[in-house]
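First comes the structure, then the notes that go with it.
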Amino acid sequence: MSGLTLPAAIEAVVIGASSGGVEALRRLLPALPAGLAASVFVVLHLPRGRGSLLAEIFGRVCALPVREVLDKDPVLPGTVYVAPPNYHLLLDSGPQLALSMDEPVEYSRPSITVLFESAAALYGPRLLAVILTGAGADGAEGLAAVQRAGGCCVVQLPADASVPQMPASALQRTSADFVLTLEDIMSLFRQLPRSSA
Amino acid sequence: MKGEGDDGAVGDIELNLLVEAIYHTYHYDFRGYARASLRRRLKAALHHFGCATLSQLQSRVLHEAAVFGELLEYLTVQVSEMFRDPGYFLALREKVVPLLRTYPSLKIWVAGCSTGEEAYSMAILLREEGLLERSLIYATDINPNALRKAEAGIYDAAKVPEYTENHRRSGGRSSLSDYYSAAYGRAILDKSLRRNIVFSDHSLATDSVFAEVQLVSCRNVLIYFDRALQSRALDLFHEALCRKGFLGIGLRESLRFSSHADAFVEVAREDRIYQKVDRA
Ligand SMILES: C[S@@+](CC[C@H](N)C(=O)[O-])C[C@H]1O[C@@H](n2cnc3c(N)ncnc32)[C@H](O)[C@@H]1O
């Protein structure tokens, strides 16, 4: 994947995944370098009623601390935040994290679109948004909002996704900046700047 | 959700003006609500009312009282369930009920009760534990339509299987079907549960404490508030609770932003149940 370069000042990375997402994220998140300057936010659809062990599962393979979000948590650099089951995750000024119990969006709570739209409003062009494997169309609207705000849009190549529908829906709605295999998204992540230390 | 032409700054000014206008005209105070989710719901309201901007909506709200009534349905979120998070109710049974038994009479405050599911769940739990007859449950909210539905106690029968499962997992000693009758796709809750519940209008943003209680249950309401308003609400709970009274909140909420955070100890950590302690 030579020649792919990221916009310089990415402050936040938002990632949405559905079916097949646990496996995809277990491969992808370890590519985030220790000391990453940006903050990372993940929405993963899970079947209802499952308690969440995601932070633990991803924390084991990731160089960065992984946290399940508590309402009004401050946003720290170099930290991965995972939406808790059955709540929408939003970014608010501060920046801080906010949860809501609003109706599901695209049959989903947490919804990828809800996270992406609030992140687009807050970070504008300093945002990198990634849509991974999944069924359904959640995230397509959100990715369009990221694009309107000047953020960088990445979609997993549908043929590379274990469930292609969600990335395909996103591509119908927007022309992503990058359409990549998981392997290539990992290389992209490795390029993300670390805090100057 | 297309066509949000407002770039951040204009949007913020308009949103602030709108909530100020609502506060001064209708005395509902949304100024301390978390902005990101409020903005999202207002976007849906713009669409519903056919307004292009929040300023346009503001003008309609100021001049047409009926518009405000409708807008309130967007500003507040009426999503609830019976025995939501069964572990919470199980922890109430195991860790709180034994202490509640020691009181000759009980007062319980369900704050932000929405359409009543949480209050009825509490009533059923207390009945099963033999405490309902000596209890009074104050169930409060700011949404008048939600309170009307709560009074009626009629729910969609399609939800019953899920509620039954929640109830069972909450340690239910009886069958949920003992507490409702089904008709025409509705589940109508046993009216005797309502004898010990008072539904009323009360705002955690503008009103004060109205009674001394042994237990406050306020779940998934604080998430809609910013840190300062959370702190105000938690002050009210601290003031309303008797010595060694209990406070239960939503599973992803916390007491961190309360000036009284150290006046509570954890009773059930994962289930977010706390007890007020004496501090010298
Ligand atoms: C998501 S519902 C929670 C319902 C229930 N407690 C539960 O957990 O299932 C939030 C409720 O908080 C109410 N609410 C919002 N602002 C309030 C305020 N200032 N005072 C009291 N209730 C409020 C809303 O009207 C809504 O009914």
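Just checking the listed ones, B:VAL67, B:VAL216, B:VAL267: in the Gaussian network model of chain B with Cα springs under 10 Å, the one fluctuating most is B:VAL67.
Helix B:160-169 axis versus longest C-alpha principal axis of chain B: approximately 50°, rounded to the nearest ten. Amide H to amide H, with H built 1.01 Å from N, A:GLU103 comes under 5 Å of no residue 5 or more places away or on another chain. Among the lysines of the protein assembly as shown, pairs at least eight places apart or on separate chains and with Cα atoms under 18 Å apart come to 9.
Each of A:VAL105, A:ILE131, A:GLY142 was scored by the projection of its Cα onto the charge dipole of chain A, and the greatest displacement toward the positive side belongs to A:ILE131; charges sit on the C-beta of Lys, Arg, Asp and Glu.
Helix B:65-75 and the longest principal axis of the C-alpha atoms of chain B enclose an angle of approximately 60°. Against chain B, whose longest principal axis is taken from its Cα atoms, helix B:117-128 shows a tilt of about 0°.
Each principal axis of the stretch B:127-246 carries a Cα extent, and these read 44, 30, 25 Å when sorted largest first. A Cα-only calculation for chain B places Rg and Dmax at 19.8, 60 Å.
The 3J(HN,Hα) values that the Karplus relation (6.51, -1.76, 1.60; θ = phi - 60°) gives for the stretch A:82-99 are, in residue order, 10, 5, x, x, 6, 10, 6, 10, 10, 9, 10, 4, x, x, 9, 9, 9, 10 Hz. Gly and Pro appear as x.
When chain B is treated as a GNM with alpha-carbon contacts under 10 Å, the residue of B:ALA261, B:ALA21, B:ALA44 showing the greatest mean-square fluctuation is B:ALA44. What does the C-alpha gyration tensor say about the overall shape of the protein assembly as shown? Classify as rounded when a/c is under 1.5, otherwise prolate if a/b is larger than b/c, or oblate. Because a/c hits 1.5 or more and a/b exceeds b/c, the protein assembly as shown counts as prolate. Centre-to-centre, using Cα atoms only, the stretch A:145-176 and the stretch B:91-121 are separated by 47 Å.
For B:VAL267, nonlocal amide neighbours, meaning residues 5 or more places apart or on other chains whose placed amide H falls under 5 Å from its own, are B:ILE273, B:TYR274, B:GLN275.
The separation of the stretch B:214-280 from the stretch B:8-63, counted between C-alpha centres, amounts to 29 Å.
Rg and Dmax, both from the Cα atoms of the stretch A:13-189 and both in Å, are 14.2, 39. Near the amide H of A:ASP73, within less than 5 Å, lie the amide hydrogens of A:LEU97, all on another chain or at least 5 residues away, with H placed in the peptide plane.
Coordinate-derived values only; no laboratory data. Note that this is a predicted model, so its numbers are computed, not measured. Note that each Cβ is placed from the backbone with ideal geometry, even for glycine, and that neighbours are counted across all protein chains shown.
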